[in-house]
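The values are calculated or read from the model by the stated rules, or taken from the named source; none is laboratory data. This one's a predicted model, so the numbers in the text were calculated from it and none came from an experiment. Glycine also receives a Cβ, built like all others from the backbone with ideal geometry; neighbour counts cover every protein chain displayed. Surface accessibility is based on the protein's heavy atoms, side chains included, excluding ligands, DNA and RNA. Shrake-Rupley method; radii C 1.70, N 1.55, O 1.52, S 1.80 Å.
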Amino acid sequence: MYTQALNANPDADAPQLEDAALLARFEARVADEARIEPNDFMPAAYRRTLTRQISQHAHSEIIGMQPEGNWITRAPSLRRKAALLAKVQDECGHGLYLYAAAETLGTSREELVDQLLSGKAKYSSIFNYPTQTWADIGAIGWLVDGAAIMNQIPLCRCSYGPYARAMIRVCKEESFHQRQGYEIMLTLARGSAEQKEMAQDALNRWWWPSLMMFGPPDAASAHSDTSMCWKIKRFSNDELRQKFVDATVPQAHFLGLTLPDPDLVFDEAAGHWRYGTIDWEEFKQVVAGNGPCNRDRLATRRKAHEDGAWVREAARAFAEKRAAAKTAAAA
Ligand code: BYC
């Protein structure tokens, strides 16, 4: 299995001869559906790809607070405001669990955050689109959190223990987020003609970027084969995208809204909704930093980080004081 993964990932370290027994044990554990824990042996490439995926996931949660955070002060009622506030706080919590899970692989949170702030690390393309109206908050909850759930439920069975365990709670919270989004869409779709139009406009703008969240098509996915071999990913990008489309199309019909895809058609024989061509050039541009909000998102994050410097300093001073007191007590 490892040899297979190495072939799929030319960047992987060649295993040391003396590690053969450890490697065999690692492979057997993965094959047996046992969890790999932080102190267990793991191939360097497994550690690297997990650090990459988990940290990108953490960054996505943290940057993902911005498009919705922009609407907290403009929510149309106290109930809507309380739910949105809770959702954005949940996303911050997800980011923190995920940074903690990534740290168990040996890279510090400071280093991971630096990679985000310097623009070196990726985060999900979806958060580089603007939230123009209140209906966008509904569309994000319904589609973006819906896509996140579809992608993350299988991650609860990821071979790496800390990531799999973090995902269980994250998925429960995402499920509440998806419902609050769908309920906003339902309210708008059953409201005035103007409100229904707002919901339709939000769906038109968020549909295709939501499909891009699942990553490049399988043929162009650099990491999928390796990650599936190691049971980090359980489904390919295209498989999850198809599951999402199949689950979401009937929900759009229930809302009485039209999906912005003239090629969308139900394939009776296969039992799947077939969708039109995704604009992968747009995806590439957004991932490369040229989406509508990339610069703004990073600038806002950098400012928040600088504004929070005093908290980190205070925490460090407190930790040093406590360590000194412990040393004094032990002497
Ligand atoms: N945006 O070989 P591939 C959330 C990158 S939900 C930007 O297929 P992999 C939230 C990919 O990283 C969103 N970049 O990669 C929801 C790789 O780049 P590098 C976050 C993308 O890892 C609601 C390259 O393209 N969810 O946070 O096998 C509210 C090749 O791709 C994207 C997760 O992170 C993209 N859409 O599969 C608030 C879930 N797609 O590293 C917050 C966990 C791909 O080679 N992650 N790339 O430079 C995953 O499941 C997988 O990492 C992916 C990609 C399916 C995303």
Legend entry - Inter-centroid distance (Cα atoms) of segment 103-180 relative to segment 279-294, Å: 18
Legend entry - Length gained when the stretch A222-T258 is fully extended (0.36 nm per residue, less Cα-Cα span): 9.6 nm
Legend entry - Extension gain, L85 back to N70 (0.36 nm per residue minus Cα-Cα distance, nm): 4.3 nm
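Taking R0 as 35 Å, what FRET efficiency do you get between A24 and E110 from their Cβ-Cβ distance, rounded to the nearest 0.05?
0.50
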Inset, instruction - Step through the residues of segment 267-272 one at a time and calculate ³J(HN,Hα) from phi using the Karplus curve (6.51 cos²θ - 1.76 cosθ + 1.60, θ = phi - 60°), rounding each to whole Hz and writing x for Gly and Pro. - result: 8, 4, 4, 8, x, 10
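Any idea what the dipole of segment 235-280 comes to, in debye rounded to 20, about its Cα centre with Lys/Arg Cβ at +1 and Asp/Glu Cβ at -1?
So the magnitude is around 140 debye.
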Legend entry - Sequence-distant residues sharing a close amide H with I232 (under 5 Å, placed H): S159
Inset, instruction - Provide the FRET efficiency to the nearest 0.05 for the E37-E268 pair, computing r from the beta carbons and using R0 = 41 Å. - result: 0.30
Inset, instruction - Please give the calculated 222 nm ellipticity per residue for the chain, where each DSSP H segment of at least 4 residues contributes -39500 (n - 2.57) and the sum is spread over every residue; nearest 500 deg cm²/dmol? - result: -20500 deg cm²/dmol
Inset, instruction - In debye, nearest 20, what is the charge dipole magnitude of segment 39-160 about its Cα centre with +1 on Lys and Arg Cβ and -1 on Asp and Glu Cβ, if you could check? - result: 200
Inset, instruction - Once you've got the GNM for the chain with C-alpha springs shorter than 10 Å, pick whichever of E281, E174, E61 has the biggest mean-square fluctuation. - result: E281
Legend entry - Portion, in percent, of the accessible area of segment 244-331 that falls on carbon or sulfur, probe 1.4 Å: 58
Inset, instruction - Step through the residues of segment 25-30 one at a time and calculate ³J(HN,Hα) from phi using the Karplus curve (6.51 cos²θ - 1.76 cosθ + 1.60, θ = phi - 60°), rounding each to whole Hz and writing x for Gly and Pro. - result: 5, 4, 5, 5, 5, 5
Legend entry - Heavy-atom accessible area ranking, 1.4 Å probe, most first, across H305, H57: H305, H57
Inset, instruction - Would you mind computing Rg(Cα) / (2.2 N^0.38 Å) for the chain, counting N as its residues? - result: 1.09
Legend entry - Fluctuation leader among P130, P76, P162 - the chain, Gaussian network, Cα springs under 10 angstrom: P76
Inset, instruction - Evaluate segment 173-213: find the radius of gyration of its Cα atoms, find its Kirkwood radius, and give the ratio Rg to Rh. - result: 1.03
Inset, instruction - Go through N294, A247, A330 and say which Cα lies farthest out towards the positive end of the charge dipole of segment 230-331; charges sit on Cβ, +1 for Lys and Arg, -1 for Asp and Glu. - result: A330
Inset, instruction - Using a 10 angstrom cutoff on alpha carbons, build the Gaussian network for the chain and name the most mobile of A101, A164, A219. - result: A219
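Express the accessible area of segment 212-265 per residue in Å², computed with a 1.4 Å probe while the remaining protein chains stay in the model.
About 42 Å² of surface per residue is accessible.
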Legend entry - Estimated FRET transfer efficiency when R0 is 51 angstrom, pair E194-A309 (beta carbons, to 0.05): 0.70
Legend entry - Nearest-20 debye value, the chain charge dipole, Cβ charges on Lys, Arg, Asp, Glu: 1180
